[in-house]
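In what follows, a structure is listed as structure tokens, so that the remarks can point back to it.
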Amino acid sequence: MWNMIWPVLVVVGANTIYNISTKSTPTDINAFASLAVSYLIAAVSSVVLFFLTSDGKSLVTELAKTNWSTYALGIAIIGLEFGYICIYRAGWKISVASLVSNISLACVLLLVGLFVYKEVITLKQFIGMGICALGLMLIAK
């Protein structure tokens, strides 16, 4: 059971720090300059963590295993972080912006699961998506 819970705790903890940090990004800095520093720190940290967890594997060998998804993820992360910086600069409250974004994302991913990955979507999930849409309308009012 712990193998199912700890990754969720990491995501929730990191996402909490992520949203607080993003909302706290100075408004007078170019968003991409801020992201460049963030990515430099992320890159250095990732290389250090690779060597701490690699059991002697070669970084070059591991990098050769990448495919399109690695590059797409990098572009998606920039879009995600730039979007959040813009959301907060536009005046969204931290309690609402993340909620609206994540509910919207959950609904989109439900459809991606259905149409792209041919996952079986239950009636409960469709009803849940409808409730999420209703919740978004209530938040927007």
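Restricting attention to the range 1-30, report how many residues are of a type outside the set (A, V, I, L, M, F, W, C) and assigned to a helix (DSSP H, G or I).
Count: 10.
Surrounded by 11 or more Cβ atoms within 10 Å (Cβ to Cβ), more than 20 Å from Leu99 (Cβ to Cβ) and touching a Pro at 6+ places or on another chain (Cβ under 8 Å), is that true of Ser34? Outline the logic, then answer.
Numbers: surrounded by 11 or more Cβ atoms within 10 Å (Cβ to Cβ): yes; more than 20 Å from Leu99 (Cβ to Cβ): yes; touching a Pro at 6+ places or on another chain (Cβ under 8 Å): yes.
It is true that Ser34 is surrounded by 11 or more Cβ atoms within 10 Å (Cβ to Cβ), more than 20 Å from Leu99 (Cβ to Cβ) and touching a Pro at 6+ places or on another chain (Cβ under 8 Å).
Sort out which residues of the range 81-98 are at negative phi and loosely packed, with under 15 Cβ neighbours inside 10 Å, and write them in order of number.
Correct list: Gly83, Cys86, Arg89, Ala90, Lys93, Ser95, Val96.
All but one of (1) in contact with a Phe, Trp or Tyr (Cβ under 9 Å, 6 or more places away or on another chain); (2) at pLDDT 95 or above hold for Trp68; which doesn't?
(1)
Just to be sure I understand the filter: pairs with C-beta atoms under 7 Å, separated by 6 or more residues or on different chains, first member in the range 56-85 and farther than 18 Å from Val44 by Cα, second member hydroxyl-bearing (Ser, Thr, Tyr). Which pairs pass?
Glu81/Thr22; Tyr84/Thr22; Ile85/Thr22; Ile85/Thr25
Would you check if Tyr88 is in contact (Cβ under 8 Å) with a residue 40 or more places away in the chain and either in a helix (DSSP H, G or I) or in contact with a helix residue (DSSP H, G or I) (Cβ under 9 Å, 6 or more places away or on another chain) (or both)? Steps first, please.
Numbers: in contact (Cβ under 8 Å) with a residue 40 or more places away in the chain: yes; either in a helix (DSSP H, G or I) or in contact with a helix residue (DSSP H, G or I) (Cβ under 9 Å, 6 or more places away or on another chain) (or both): yes.
Yes: the conditions hold for Tyr88.
Matching residues to (1) part of a helix (DSSP H, G or I); (2) modelled with pLDDT of 95 or more; (3) closer than 17 Å to Gly79 by Cα:
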residue: Phe32; (1), (2), (3): yes, yes, yes
residue: Ser38; (1), (2), (3): yes, yes, yes
residue: Val44; (1), (2), (3): yes, yes, no
residue: Val48; (1), (2), (3): yes, yes, no
residue: Gly56; (1), (2), (3): no, no, no
residue: Thr61; (1), (2), (3): yes, yes, no
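The values are calculated or read from the model by the stated rules, or taken from the named source; none is laboratory data. Quantities reported herein were computed from a predicted structural model and do not represent experimental measurements. With ideal geometry, Cβ positions are generated from the backbone for all residues, glycine too; neighbour counts draw on all protein chains shown.
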